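The values are calculated or read from the model by the stated rules, or taken from the named source; none is laboratory data. These figures come from a predicted structure and were not determined experimentally. Positions of Cβ are generated from backbone atoms using ideal geometry, with glycine treated the same way; all protein chains shown enter the neighbour counts.
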Amino acid sequence: MPPLLRLYPIFLACSALVGLSLCLWCDATELASRQQHNDRSLKYLLNSVPPTLAALLLLYYACTFARPSSVYVHRMILHSCLHQSVASLMLASLVFSACQASLSLCCTLPALCPVDPTAHQLHRIVACPASVAHIPHYNLCMRMIHSSATVTTLLALSTIAAAQSVNDLKARERHATLLTFARQEPVHEASAAVEL
């Protein structure tokens, strides 16, 4: 197995653990800040469901990647509805996280907003979130960290198919030993007794 494929399970495990821990930390921080202002709803806990499912799937791939029998099982899981639904949930989580981060960015620094909020009356369409208005910079740092962690986890999920096909090709590779033939036959010494 090539050295990069040997390190691939470590990459998957690190991506899963780092992505999940950062997402859970950001969600817990935002939930704690919302609870201080009596905004207690379980819908904020739903943000942690896609990273948790993706981390569990990535840890499964990382633990079983080097097994010889995993070639067929991983191929089946890659095309199953389980992998597709987790990837779809992570894409939805990425869109949601990126929208939240861009909204916090537009509220914190209106100069970086692509649309002039005062000229187009953007506050009538999308208002700055009042639930995080008491947090400095509209919780921009946490939302950017959450978006980065979601991108990391999604990147690790998207590399599984390519790594599995490379692993499959390496498993099919056979190393042949070629026999070489000498052009000159070895010279044997004649025995001392020669009969005529």
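The table that follows gives values for the structure above.
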quantity: Residue satisfying condition, being hydrophobic (A, V, I, L, M, F, W, C), more than 19 Å from Gln164 (Cβ to Cβ) and over 13 Å from the mean Cα position of the chain (by Cα), within set Ala66, Ala101; calculated: Ala101
quantity: Qualifying residue in segment 71-83 (condition: in contact with a helix residue (DSSP H, G or I) (Cβ under 9 Å, 6 or more places away or on another chain) and part of a loop (DSSP other than H, G, I, E, B)); calculated: no
quantity: Those residues of segment 14-64 which are crowded, with 16+ Cβ neighbours inside 10 Å and small (Gly, Ala, Ser), in sequence order; calculated: Ser15, Ala16, Gly19, Ser33, Ser48, Ala54, Ala55, Ala62
quantity: Answer from Pro9, Pro110 - the residue that is over 20 Å from Ser148 (Cβ atoms), surrounded by 12 or more Cβ atoms within 10 Å (Cβ to Cβ) and free of Cβ contacts under 8 Å to residues at least 40 places away in the same chain; calculated: Pro110
quantity: Members of segment 51-92 found to be free of Cβ contacts under 8 Å to residues at least 60 places away in the same chain, under 17 Å from Val151 (Cβ atoms) and not polar (S, T, N, Q), listed by number; calculated: Leu53, Leu89, Ala92
quantity: Flag if Leu45 is in contact (Cβ under 8 Å) with a residue 12 or more places away in the chain and under 16 Å from the mean Cα position of the chain (by Cα); calculated: no
quantity: Of all residues in segment 74-105 being surrounded by 13 or more Cβ atoms within 10 Å (Cβ to Cβ) and among the β-branched types (Val, Ile, Thr), the one that is modelled with the lowest pLDDT; calculated: Ile77
quantity: Sole exception among (1) touching a residue at least 60 places away in the same chain (Cβ under 8 Å); (2) within 18 Å of the chain's Cα centre (by Cα) for Thr29, by number; calculated: (2)
